[in-house]
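In what follows, a structure is listed as structure tokens, so that the remarks can point back to it.
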Amino acid sequence: MDQAPGNPQGPQDQGHQDAQALPTCYRHPDRETGVRCTRCERPICPECMISASVGFQCPECVRAGSGTGHAPSASQPRTLAGGTVTADPRLLTKILIGLNLAVFLVQLSLGDRFTDRFDLIGRAYVPLLGSVEGVAEGQWYRMLTAMFLHGSYIHILFNMLSLWWIGGPLEAALGRARYLALYFVSGLAGSALTYLVAAPNQPSLGASGAIFGLFGATAVLMRRLNYDMRPVIALLVINLIFTFGWSNIAWQAHIGGLVGGVVVGYAMVHAPRERRTLIQYGVCAVVLAAVVVATLVRTAQLT
């Protein structure tokens, strides 16, 4: 995407700005943005937005107090969704990538026996384990552990690149706790739909359900900030084409994660300030309840 040239503009230059381009964030010149600090009016991207009583402020105005009459430490800076602003806004994304890579190394070291013990399977006899295995056998942990397993180098490479590109900016916009809740709720929603719809003897694994949830939440966030939706929609369409075009991909995990991400993401960025935390985590609880219900229904069908 082409970026608007030049340095960050003050309010006196706003009228001369090219109508066909958005200004760029004053801290990240490669990111276009339609949002400005309510105090200094410098353009700020989602990573730099700090929720204020009216609109958003830039990190410098928050640290300086900007004449609010309070010390900078009197109120902790907040992200767009109400999370705490941190020194490393991509920390959890790095940790998640590290966990996925570490588990993949374990898979390579221990072989299929390890993978068969922790991937997502409804109910089937597993020759390497010599027994009937699956979620229907009470192994609910598989719905979570399957989110950290991958089937090949290409599989994990594609997923980890997507997690870095999509997850990092989203973590900065939501804050760590909300981002982590979004990631796991979306991943479990994908696992639940896979368990509910897929053949019980068909194993499934990968972080794709959670990553599609991040895609959905990113689309909601961009809509909330009035960003150009075409890039994220195009990327999502490409991923959906791969989802339904390749026979070895569990489309159920992708669709379940996407729906879960859109629902949770909408709650994260649209919840009213006065009841924000209650609504955000309440919606997460509702989606998790739906996951439990779907799991119970499918288990009753298979046993």
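In table form, for the structure just shown:
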item: Residue count for segment 194-212, restricted to those that are buried (at least 24 other Cβ atoms within 10 Å of the Cβ) and not in a loop (DSSP other than H, G, I, E, B); result: 8
item: So residue 65, is it at pLDDT 50 or above, surrounded by fewer than 21 Cβ atoms within 10 Å (Cβ to Cβ), closer than 25 Å to residue 217 by Cα and not assigned by TED's automatic domain parsing to the domain that holds residue 224; result: no
item: Filter result (over 15 Å from residue 267 (Cα atoms), hydrophobic (A, V, I, L, M, F, W, C) and buried (at least 24 other Cβ atoms within 10 Å of the Cβ)) within segment 170-192; result: 172, 188, 189, 192
item: Selection within segment 124-169 - surrounded by 20 or more Cβ atoms within 10 Å (Cβ to Cβ) and on the phi > 0 side of the Ramachandran plot; result: 134
item: So residue 223, is it surrounded by 18 or more Cβ atoms within 10 Å (Cβ to Cβ), part of a helix (DSSP H, G or I) and out of contact with any helix residue (DSSP H, G or I) (no Cβ under 8 Å at 6 or more places or on another chain); result: no
item: Listing of helices (runs of 4 or more DSSP H) fully contained in segment 90-149 that carry 2 or more residues being of a type in the set (Ser, Thr, Tyr); result: 91-110
item: One residue from 89, 72, 5 being out of contact with any Gly (no Cβ under 8 Å at 6 or more places or on another chain), of a type outside the set (A, V, I, L, M, F, W, C) and modelled with pLDDT under 85; result: 5
item: Check on residue 120, in contact with a Gly (Cβ under 9 Å, 6 or more places away or on another chain) and either in contact (Cβ under 8 Å) with a residue 12 or more places away in the chain or surrounded by fewer than 18 Cβ atoms within 10 Å (Cβ to Cβ) (or both); result: yes
item: Test: residue in segment 135-142 that is of a type outside the set (D, E, K, R) and closer than 30 Å to residue 269 by Cβ; result: no
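Every residue, every condition in (1) surrounded by 17 or more Cβ atoms within 10 Å (Cβ to Cβ); (2) at pLDDT below 80; (3) among the basic types (Lys, Arg); (4) under 20 Å from residue 288 (Cα atoms), yes or no:
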site: 219; (1), (2), (3), (4): yes, no, no, no
site: 232; (1), (2), (3), (4): yes, yes, no, no
site: 235; (1), (2), (3), (4): no, yes, no, no
site: 240; (1), (2), (3), (4): no, yes, no, no
site: 252; (1), (2), (3), (4): yes, no, no, yes
site: 258; (1), (2), (3), (4): yes, no, no, yes
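Residues are listed down the side, and each one gets a yes or a no for (1) free of Cβ contacts under 8 Å to residues at least 12 places away in the same chain; (2) of a type in the set (Lys, Arg); (3) outside the structural domain of residue 286 (by TED's automatic domain parsing):
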{"position": "105", "(1), (2), (3)": "yes, no, no"}
{"position": "166", "(1), (2), (3)": "no, no, no"}
{"position": "173", "(1), (2), (3)": "no, no, no"}
{"position": "178", "(1), (2), (3)": "no, yes, no"}
{"position": "188", "(1), (2), (3)": "no, no, no"}
{"position": "191", "(1), (2), (3)": "no, no, no"}
{"position": "215", "(1), (2), (3)": "no, no, no"}
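The values are calculated or read from the model by the stated rules, or taken from the named source; none is laboratory data. Note that the structure is a prediction, hence the values are computed from the model and not measured. For neighbour counting, all protein chains shown are included, and Cβ atoms are generated from backbone atoms with ideal geometry for every residue, glycine included.
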